[in-house]
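Engineer: Can you read through this structure? Questions will come right after.
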Amino acid sequence: MSEYPAATPAATSGTPRFDERLSVPLWWYLPVLGVAVLLGAEVHMGYPGIRSWIGYAITVPLFLGALFWLGRTRVRVADGELRAGDAVLPLRHVGQVEIVPREDKQVAMGPELDPTAHVLHRAWVGPLVRIEVTDPDSPTPYWILSVRDAEEFVAALGR
């Protein structure tokens with residue numbers, strides 16, 4: 001027996017089974033920074049003195065912030081539910097799960113796409129996962145999500 005009391009459990013029910021942030025590739029920051037500096041230089045050439053730096057002060061944080069905002073979405077499986085962005089699906093309503101490889105994305109997102117499906121697609125993420133929704137009260141027949149590690153995601157769903 002230890003003289004220290006057992007640690008109290010965390011407020012959540014444990015670590016997530018799957019948690020992925022759909023961030024943009026790191027190399028994207030360099031060209032975006034270059035474009036922001038070029039636009040700042042346009043303002044710099046038109047104004048003398050301290051006002052010449054206003055273009056840089058606005059465009060660089062704005063462009064980098066927009067890039068960070070594009071990659072802020074998370075796909076998470078934890079506590080008996082699937083969270084994709086702001087949408088939540090209880091795992092008890094997850095039906096058949098299918099991995100759509102990168103080369104079949106165009107068909108899955110085009111002619112095969114149901115207009116009532118919930119879609120969380122990021123073009124810079126390779127595969128898609130199609131998840132059947134078995135909830136009779138749900139207006140969406142299935143979800144299509146972009147995830148980098150599709151096999152791990154499917155395993156976390158318990159399929």
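The values are calculated or read from the model by the stated rules, or taken from the named source; none is laboratory data. Predicted, not measured: the structure shown is a model, and the values here were computed from it. Here Cβ is always computed from backbone atoms with ideal geometry, including for glycine, and neighbour counts include all displayed protein chains. Just the protein is used for accessible areas: all its heavy atoms, side chains included, with ligands, DNA and RNA removed. Shrake-Rupley method; radii C 1.70, N 1.55, O 1.52, S 1.80 Å.
Engineer: Return the total of residues in region 42-82 being aliphatic (A, V, I, L, M), over 21 Å from the mean Cα position of the chain (by Cα) and open to solvent by 80 Å² or more (accessible area, probe 1.4 Å).
Structural biologist: Selection size over region 42-82: 4.
Engineer: Okay, next question. Are any residues in region 44-75 within 23 Å of Arg122 (Cα to Cα), without any contact (Cβ under 8 Å) to a residue 40 or more places away in the chain and not aromatic (Phe, Trp, Tyr), and if so, which ones?
Structural biologist: Within region 44-75, Pro61, Leu62, Leu64, Gly65, Ala66 meet the criteria.
Engineer: With respect to the numbered conditions (1) open to solvent by 30 Å² or more (accessible area, probe 1.4 Å); (2) under 30 Å from Arg148 (Cβ atoms), which one is the sole condition not fulfilled by Val100?
Structural biologist: The one condition Val100 does not meet is (1).
Engineer: Is there a residue in region 76-97 that is within 19 Å of Ala123 (Cβ to Cβ), in a loop (DSSP other than H, G, I, E, B) and not basic (Lys, Arg)?
Structural biologist: yes
Engineer: Just name the residue that is nearest to Arg148 (Cα to Cα) out of those in region 25-41 that are touching a residue at least 12 places away in the same chain (Cβ under 8 Å) and open to solvent by less than 60 Å² (accessible area, probe 1.4 Å). Write out each step before concluding.
Structural biologist: We begin by selecting, within region 25-41, every residue touching a residue at least 12 places away in the same chain (Cβ under 8 Å); these are 25, 28-29, 32-33, 35-37, 39-41.
Right, trim to open to solvent by less than 60 Å² (accessible area, probe 1.4 Å) and you get 25, 32, 36, 40-41.
On the way: Pro25: 12, Val32: 23, Ala36: 29, Gly40: 35, Ala41: 37 Å.
Going through the qualifying residues, I end up with Pro25.
Engineer: If you don't mind, another one. Within 17 Å of the chain's Cα centre (by Cα) and either of a type in the set (A, V, I, L, M, F, W, C) or open to solvent by less than 40 Å² (accessible area, probe 1.4 Å) (or both): is that true of Leu91 in this structure?
Structural biologist: On the way: within 17 Å of the chain's Cα centre (by Cα): no; either of a type in the set (A, V, I, L, M, F, W, C) or open to solvent by less than 40 Å² (accessible area, probe 1.4 Å) (or both): yes.
When the stated conditions are applied, Leu91 does not pass them.
Engineer: When region 112-153 is examined, which residues are found to be out of contact with any Phe, Trp or Tyr (no Cβ under 9 Å at 6 or more places or on another chain), aliphatic (A, V, I, L, M) and open to solvent by less than 40 Å² (accessible area, probe 1.4 Å)?
Structural biologist: Residues satisfying the conditions are Val125, Leu128, Ile144, Ala150.
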